[in-house]
1. Inside segment 1-86, counting only strands (runs of 3 or more DSSP E) that do not spill past its ends, which hold 2 or more residues that are at pLDDT 90 or above and within 19 Å of the chain's Cα centre (by Cα)?
2. Kindly indicate the residue of segment 94-149 that is loosely packed, with under 14 Cβ neighbours inside 10 Å and among the small types (Gly, Ala, Ser) and also modelled with the lowest pLDDT among those meeting that condition.
3. With the structure loaded, tell me whether Glu237 is among the acidic types (Asp, Glu), exposed (fewer than 15 other Cβ atoms within 10 Å of the Cβ) and either within 30 Å of Val40 (Cβ to Cβ) or at pLDDT below 75 (or both) or whether it fails that test.
4. Report, by residue number, each residue of segment 274-318 that is in contact with a Lys or Arg (Cβ under 7 Å, 6 or more places away or on another chain), surrounded by 15 or more Cβ atoms within 10 Å (Cβ to Cβ) and closer than 26 Å to Asp122 by Cβ.
5. Would you mind telling me which numbered condition in (1) of a type outside the set (A, V, I, L, M, F, W, C); (2) at pLDDT below 50; (3) more than 23 Å from the chain's Cα centre (by Cα); (4) open to solvent by less than 40 Å² (accessible area, probe 1.4 Å) Glu155 fails?
6. Taking the residues in segment 257-272 that are of a type outside the set (D, E, K, R) and open to solvent by 20 Å² or more (accessible area, probe 1.4 Å) as candidates, determine which candidate is nearest to Thr55 (Cα to Cα).
Amino acid sequence: MKKKSKVLMIGASLAAVSMFSVAAFASTPEMDGYKAFKEVLKANQMSEQMIESATVNGTFAVTLNGETVLEADGLTKFKAAGDKHSVSSDFDFTLKGVERSGSVYSSGDDTAYLVDRTHGLDYQVINLDDEHAGKHHEWKEEGDFDHRPMNKAEEALLDFIVGDLKDNFSVVNHADHSKTISVDVSKEEVPLVVRLLMDVASADGRKEHSKASEVPAEWESLKQIPFFQGFEAANLEEQLPELTEEVTIEHMHLQLTVDADNRLQGVQGKLEVSGKDKAGVIHRVKMEGEGGISGINATTPDVYQPAGKSIEIIDAEAFEGCS
């Protein structure tokens, strides 16, 4: 990682999921579901510029051939206003029977705090770069994102990719004017365009995997920290074998909850993929997660309290090249 720990990666990834909730509803025709879905996409292209703080929480799980490989859940609070930004995150995960619990705190400078709740240890991580110290506001200044509605060409491309699956979308209207939008796709219904893209991705994945280098030596130093010990028998590459042939989407489900202004409040998803590894063995991988966004522009992240604690220093520069 370039000055990055697995914990921060987990915190960031957990910050990417949201919790789903359902209220009383009234059904509408199927085609309205796809129209509602597009309205959400149009609305959320501009939503980032309106969110200065929020709370994101959720769960995520991965199973291989019916056996649970990873279970994770967490809650992240963030606030960003101009040059001032802060993040706090609490998380728990179990990887092949190895359980870990922790918290991360960052105020946007080059320092963060990691609390290893599993072992009762506290760390101050120094010399973090901007990306991993929570300085995620630069994209607004650099103009990497264009806040505008979806244009006609983009909408036409989406319509083309979705194809006949437009009828697979449904929408439920709630009493408070929020909506639940769902789409369910079986193996036989996956569009040709998506199948072709999967073939290309699979080929690229094999090419990149053949060029992959060994784990950097810096990870040996990282494993001296108790939080990262005990995972030797839970090697993800072995637990989740690379699917190289006949990769197929078996089932896909997505469910969104949006408010009266089409702003995303929650998401629930499930994806099942099958394929053969390089030895020709067939595997079935299922990923599912759910989560929610709350406290928009009304969230204040928690602040680490160092008083009375024994804190060990971790210099992120020592792990340069770990990723």
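The values are calculated or read from the model by the stated rules, or taken from the named source; none is laboratory data. Just so you know, these numbers come straight off a predicted model, no measurement behind them. Methodologically, a virtual Cβ is constructed for each residue, glycine included, from the backbone with ideal geometry; neighbour enumeration extends over all protein chains shown. Areas reflect the complete protein model, heavy atoms only, side chains present, ligands, DNA and RNA absent. Shrake-Rupley method; radii C 1.70, N 1.55, O 1.52, S 1.80 Å.
1. Result: 53-64, 67-81.
2. Gly143
3. Yes: the conditions hold for Glu237.
4. Thr299, Pro301, Ala316
5. So Glu155 meets the others, but not (2).
6. Gln265
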